[in-house]
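First the structure, in the form of structure tokens, and then the observations on it.
The values are calculated or read from the model by the stated rules, or taken from the named source; none is laboratory data. Computed from a prediction, not measured in an experiment: that's the story for all the values here. Virtual Cβ from ideal backbone geometry, glycine too; neighbours counted across all protein chains shown.
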Amino acid sequence: MAKLAVVATFLLAAVVAAATIPSSANGGRLLEESAVDVAALAPTGLDGVFAGGLSEEVAAPAPAELDREGDLANKVPINFVLLISRQGKVRLTKWYSPYTQKERTKVIRELSGLILTRGPKLCNFVEWRGYKVVYRRYASLYFCMCIDAEDNELEVLEIIHHFVEILDRYFGSVCELDLIFNFHKAYYILDEILIAGELQESSKKNVARLIAAQPDDDNEKLRPIDFE
Amino acid sequence: MDTVEKIVEDFASDIAMSPFSSGTRLRDMIRAIRACKTAAEERAVVRRECAEIRAAISEGGGEGIRHRNMAKLMFIHMLGYPTHFGQMECLKLIAAAGYPEKRVGYLGLMLLLDERQEVLMLVTNSLKQDLNHSNQFIVGLALCALGNICSAEMARDLSPEVERLMRSREVNTKKKAALCSVRIVRKVPDLAENFMGLASSLLKEKHHGILISAVQLCTELCKASKDALEYLRKNCIDGLVRILRDVSNSSYAPEYDVAGISDPFLHIRVLKLMHILGQGDADCSEYMNDILAQVATKTESNKNAANAILYECVQTIMGIEATSGLRVLAINILGRFLSNRDNNIRYVALNMLMRAITVDTQAVQRHRTTILECVKDADASIRKRALGLVFLLVNDTNVKPLTKELIDYLDLADPDFKEDLTAKICSIVERFSQEKLWYIDQMIKVLSLAGNHVKDDVWHALVVVISNASELQGYSVRSLYRSLQAFVDQGSLIRVAVWCIGEYGEMLVNNVGMLQLEEPITVTESDAVDAVQLALNRYSTDVTTRAMCLVALLKLSSRFPSTSERIKQIVSKNKENIVLELQQRSIEFSSIIQRHQSIRPSLLERMPALDEASYLVKRASTAQATLAADKPAPTVSPGGLKLPNGVAKPPTSPLADLLDLSSDAPVITPASTTAAPNDFLQDLLGIGGINSSTAGAPSSASTDILIDLLSIGSSPSQNGAPAADLSPPAQLGAVVPEATDLLSSLSSSTSVSGTKSAPAVQDMDLLDGLTSNTSVSGHDNYLSITAFQSATLKINFGFKKQPGKPQETTILATFTNLTSSSYTDFVFQAAVPKFIQLRLDPASGNIVPASGDGSVTQGFNVTNNQHGQKPLAMRIRMSYKVNDWNKAKSAIFLPGYSADRTRSLNTHIPKAIDRVRRRGEDRHIGERRQGEERGAATAESEERRAAAAAATESVERRAGRTMTGEE
């Protein structure tokens, strides 16, 4: 918690080097090759990357504050998107259903406890407060999306992968550090993929084109990510 | 390597940093935060940055760095620090002219605010302007923000703009507007009709982004409005089928290709919409059959994307009015999923089968073995799903093999899962048990393997069943004894075993009631005592188990007279125990063993069979109560059930409340639930002397445990009770001297009944004093005292004596409400000891107005048959409703004893115990915690009552004194 260290985890590396080297360490690339298909990235192919952990499911009773009234009537396909690092640091959050700040913190804390402790080779779904959280680990980052219990979990896995591939294409073998220093870019990309918790664009090429077309005063090729 | 590049890059940007620029750049801040070694350092950095940003905000200047500050704030926000001070900056940025500023502003808006914040309303105007902007990207930003966080008001205000933008020529704007209207319809379903025409026209487009957005909009419209659903059923089913056919037949399109499948996202979304349109509509379903069959057969399921489509297709087939052939196809797909090696696929298969079970149980049953294997999976999510499914699959024919499998697995299951698994097994066993032997066997197995996870009501139920199955009691106690030897640390196994050994000890030793399949075991009397002693010593922390052990030992001392001396020693060890409950029990029990040998056998007779039916009712009602915990308890209709003596009789549990005074007195209540509660209570209280059954007289109500136990010699008609348990009538005589002895001690106010009644006796008898002081002068003069006062309710009693009838007192109770909300359905109840007769008059009303603004009065009449010897004592209870919430208060009323003192009676118990000790620990066995002095109850019956109470100990927890609304 105290140390903001980066864990260098290389995809497909047999050993997870949990090194606590301050910022000089590089982030592991999220995607080994941008064109890998999903099956190859399924957990079975990534044995080495997953650190052993306890699989446990905490069936916490939903406290009143998280039972949001009225929202049952208008279900949102994707309630929120979370990116959490293996250390439990939040890298991106996007809420499509109303959660107060307090609830958000609580949700993040609960889910990191639930997801980060799950062992390898387990399925990518966690049941949580009557919802389902679909998560997938890419190197040191967990991409989580919360959906309704009846929704199509397998498709959400595809959406996560879709997002990661677009990130990868944009940053050029994306790693956690890219998403830390350019978190706003990650948000812009997500906004091109999802609106109101619904999918907006199924073509990676289109998203890339749209992102590139938007007038941006900083061209990262020349002047890396800056607000001046 | 990335590292090198990054370091170089960082270095370059460090050099580039101007020393004159105010504040740090975003990148530097992130780096500074990441360099922090401790949380304190991080906080310091964040605090410094926040201070700078605040300063910049308050100066109002810094046009150039505003968006940078906003970006910093967003990062700080992600770390979990408060950033509310930046909210207004978002609005300023959005109002700015430049695209980069707007972009950051909208991002900040979506990140830092949510739809419930008032600030959001201020942005409506800017949004409106941006929606009308000529730049499509700015329009895009506004649509995105609106789609993600708009509130209902904003949705109403901006819906015309969004509608217009859906007709835009820009592809990008079109799809964003369509999704934005999804949110608008979600927030304001009334607007659905404005969008349905547009949505169906968008389905004719070619662009996949627009198609996906339009399909999603249609889905949302169907959910929001029935009209829209009908409209879309008529108008777009063709279009949907065409889209699905095109996309599934399309040749390789690199842009949309995922693992060899063209645009699985569009596939899935169209299938979802078809699901909704086809649900309950045979025509629509008919129309879709072909294309669904095509998708289900043509999609190859070796990639996740394909499986996602198949999964959605199965869902749709199950949801619509599909042909039976199509359904078979769907179930087969699920079967294939189930045998997949991928956990994700198996998970969704289980999930889907759970829903399919209502459609086609037989088809799901075919996969039973596979599902059972999934229960043993390493993955908690899969286990949970599979267990839920198995639970639904159990029926009368397969219950035995399934239970066996589950119980076998119980041993290996990991601890987290055990609880869930145990609960499900118990539930299955209880639901489907056809014979008691099987039930008892399975339950003992579960207790042995997961005794610590078994819920209390489950093992209580087992005890009830054993006590009713007379031919299996011997078998049960022997099995339990064997299990106890093998599994020493299973909490509820120990409890059940100890209870059974105590009750049926002689069956254990003598191999009574051997079943054919059973192997005889040799257990000596001292072995049985050993087992209980071991449990007693082992469970030093669990009071219930220890208390049950003590009861069992006491019972064994009577079953096996030879071990009596040893048991006495074991029991005596606990006399010093720090836990009051155990201390009290051991003192009382040693006394029974030591001094009351003559009555011991009859005291410690076997428990009569517990009433199964009433237990089931009780259990069901508690289960319901826990389910509907926040629902107000059923109302007691005032005056609905009136007893002849004027005590309103609410349902049994409040009556039980009336009786037991101390909050930790579960001793009485178990008996009241296992036996017929009302009889029992009436008898105990002897209210008004109406009830003819007096203590010691056999009652016709044979289910009444207490009466049975109280009546000497009338051994419960229980099977196989050994002769030793039958007490010869001759003993009756032997008891009497002691009884009278106790009685006299009672009247001289020295006995333990002092726990509650002694203070009353010591206090001046107010009423008696009254007669002498006021000497009957004023006929209508009520002498008034405050009988009860709390923060919410005050009760005054006015007393009046009839001339010439000193034992009769007329009391006028006045109830005053001290709170600001009025009490409705107010009911006053009173219970008195046997020597007093009570007659309640109707109350003046059942609504007590708020803030002391008027009051309710109720008169009643008491006759003290032992006037001059005993003071008036009364237990009162008030139940009422405040804003539809049930409340109840109860108190003991002893004249001359202030309300707060009566209320804190529990604290007197230790003192009473001391007194007991000083008095040589005799003659007090009876007065455990009944507290209420019941004059007519003889000491003998007191003694017996305590023993009866102790005997019912094992089921006491289940009684779960229902203190509904008790404050």
Practice task
Name, by its number, the condition in (1) buried (at least 18 other Cβ atoms within 10 Å of the Cβ); (2) within 30 Å of B:HIS267 (Cα to Cα) that does not hold for A:GLY130.
Solution key: (1)
Completion exercise
Apart from one, (1) modelled with pLDDT of 90 or more; (2) more than 7 Å from chain B (Cβ to nearest Cβ); (3) surrounded by fewer than 24 Cβ atoms within 10 Å (Cβ to Cβ) all hold for A:ILE211; the odd one out is (1)
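Please find, among B:VAL399, B:VAL446, B:VAL394, the residue that is of a type outside the set (D, E, K, R) and either closer than 16 Å to B:SER483 by Cβ or at pLDDT 85 or above (or both).
B:VAL446
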Practice task
For A:PHE171, state whether it is modelled with pLDDT of 90 or more and either within 19 Å of A:ARG91 (Cβ to Cβ) or facing another protein chain (nearest Cβ under 8 Å) (or both).
Solution key: no
Problem - Filter pass, B:LEU480 being under 28 Å from B:GLN516 (Cβ atoms), assigned to a helix (DSSP H, G or I) and in contact with a Lys or Arg (Cβ under 8 Å, 6 or more places away or on another chain) - result: no
Handout entry: Residue count, segment B:784-805 (criterion: of a type in the set (D, E, K, R) and closer than 19 Å to B:LYS887 by Cβ)
Key = 1
Problem - Condition met for B:ALA531 (at pLDDT 80 or above, part of a helix (DSSP H, G or I), surrounded by 14 or more Cβ atoms within 10 Å (Cβ to Cβ) and out of contact with any Asp or Glu (no Cβ under 8 Å at 6 or more places or on another chain)) - result: yes
Exercise for the section: Out of A:LEU116, A:LEU122, report the one residue that is over 30 Å from B:ILE184 (Cα atoms), within 10 Å of chain B (Cβ to nearest Cβ) and not aromatic (Phe, Trp, Tyr). Expected result: A:LEU122
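Evaluate the following for A:ILE166: is it in a helix (DSSP H, G or I), closer than 25 Å to B:ALA142 by Cα and more than 10 Å from chain B (Cβ to nearest Cβ)? Steps first, answer last, please.
Values: in a helix (DSSP H, G or I): yes; closer than 25 Å to B:ALA142 by Cα: yes; more than 10 Å from chain B (Cβ to nearest Cβ): yes.
When the stated conditions are applied, A:ILE166 passes them.
The rows are residues; the columns are (1) surrounded by fewer than 17 Cβ atoms within 10 Å (Cβ to Cβ); (2) away from chain A (no Cβ under 12 Å); (3) under 22 Å from B:SER58 (Cβ atoms).
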site: B:THR83; (1), (2), (3): no, no, yes
site: B:GLY98; (1), (2), (3): yes, no, no
site: B:GLU101; (1), (2), (3): no, no, yes
site: B:VAL104; (1), (2), (3): no, no, yes
site: B:GLY108; (1), (2), (3): no, no, yes
site: B:GLU115; (1), (2), (3): no, no, no
site: B:VAL123; (1), (2), (3): no, yes, yes
site: B:LEU131; (1), (2), (3): no, yes, no
site: B:ILE138; (1), (2), (3): no, no, no
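Quick one: which of B:ILE320, B:ILE357 is buried (at least 23 other Cβ atoms within 10 Å of the Cβ) and more than 25 Å from B:ASN302 (Cβ to Cβ)? Spell out how you get there, then give the answer.
Values: B:ILE357 fails: buried (at least 23 other Cβ atoms within 10 Å of the Cβ).
The match here is B:ILE320.
When segment B:401-420 is examined, which residues are found to be free of Cβ contacts under 8 Å to residues at least 40 places away in the same chain, surrounded by 14 or more Cβ atoms within 10 Å (Cβ to Cβ) and under 14 Å from B:LEU372 (Cβ atoms)?
Residues of segment B:401-420 that are free of Cβ contacts under 8 Å to residues at least 40 places away in the same chain, as a first pass: B:401-406, B:408-409, B:411-420.
Adding the requirement that they be surrounded by 14 or more Cβ atoms within 10 Å (Cβ to Cβ) leaves B:402-403, B:405-406, B:409, B:413, B:416-420.
Within segment B:401-420, B:LEU402, B:THR403, B:GLU405, B:LEU406, B:TYR409, B:ALA413 meet the criteria.
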Practice task
Sort through B:ALA363, B:ALA380 and tell me the only one that's modelled with pLDDT under 85 and farther than 30 Å from B:ASP416 by Cβ.
Solution key: B:ALA363
Handout entry: Selection status of B:ARG385, of a type in the set (D, E, K, R), under 21 Å from B:LEU292 (Cβ atoms) and within 14 Å of chain A (Cβ to nearest Cβ)
Key = no
Handout entry: From A:ILE108, A:ILE84, residue being in contact (Cβ under 8 Å) with a residue 24 or more places away in the chain, in contact with a Cys (Cβ under 7 Å, 6 or more places away or on another chain) and more than 27 Å from B:LEU310 (Cα to Cα)
Key = A:ILE84
Handout entry: Test: residue in segment A:156-167 that is in contact with a Pro (Cβ under 7 Å, 6 or more places away or on another chain) and not basic (Lys, Arg)
Key = yes
Exercise for the section: Would you be able to tell me the number of residues in segment A:85-113 that are more than 11 Å from chain B (Cβ to nearest Cβ) and buried (at least 18 other Cβ atoms within 10 Å of the Cβ)? Expected result: 5
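Give, as residue ranges, the helices (runs of 4 or more DSSP H) completely inside segment B:341-391 that count at least 3 residues that are farther than 20 Å from A:ALA149 by Cβ.
Working: elements: B:343-356, B:361-365, B:368-375.
Here the list reads B:361-365, B:368-375.
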Handout entry: Residue within segment B:274-293 that is at pLDDT 85 or above and in contact with a Pro (Cβ under 6 Å, 6 or more places away or on another chain) present
Key = no
Fill in the blank from the handout: If we keep only residues of segment B:36-81 that are surrounded by fewer than 21 Cβ atoms within 10 Å (Cβ to Cβ) and among the polar types (S, T, N, Q), then the residue farthest from the other protein chains (Cβ to nearest Cβ) is B:SER58
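Name the residues in segment B:480-497 that are over 22 Å from B:ALA423 (Cα atoms) and at pLDDT 85 or above, would you? If you could, list the steps in order and put the result at the bottom.
Let us first name the residues in segment B:480-497 that are over 22 Å from B:ALA423 (Cα atoms), namely B:481-482, B:485-486.
Those that are over 22 Å from B:ALA423 (Cα atoms) and at pLDDT 85 or above: B:TYR481, B:ARG482.
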Problem - Long-range neighbours under 6 Å by Cβ, at least six apart or interchain, first residue over 14 Å from B:ALA552 (Cβ atoms) within segment B:570-593, second in a loop (DSSP other than H, G, I, E, B) and not acidic (Asp, Glu) - result: B:GLN583/B:ASN577; B:GLU588/B:ILE925; B:SER591/B:ILE925
Problem - Selection count, segment B:245-290, where residues are within 15 Å of B:GLN315 (Cβ to Cβ) and either surrounded by fewer than 18 Cβ atoms within 10 Å (Cβ to Cβ) or more than 10 Å from chain A (Cβ to nearest Cβ) (or both) - result: 10
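Is it true that B:PRO833 is under 22 Å from B:ILE892 (Cβ atoms), touching a Lys or Arg at 6+ places or on another chain (Cβ under 7 Å) and in contact (Cβ under 8 Å) with a residue 40 or more places away in the chain? Outline the logic, then answer.
Details: under 22 Å from B:ILE892 (Cβ atoms): yes; touching a Lys or Arg at 6+ places or on another chain (Cβ under 7 Å): yes; in contact (Cβ under 8 Å) with a residue 40 or more places away in the chain: yes.
For B:PRO833, the condition - under 22 Å from B:ILE892 (Cβ atoms), touching a Lys or Arg at 6+ places or on another chain (Cβ under 7 Å) and in contact (Cβ under 8 Å) with a residue 40 or more places away in the chain - is met.
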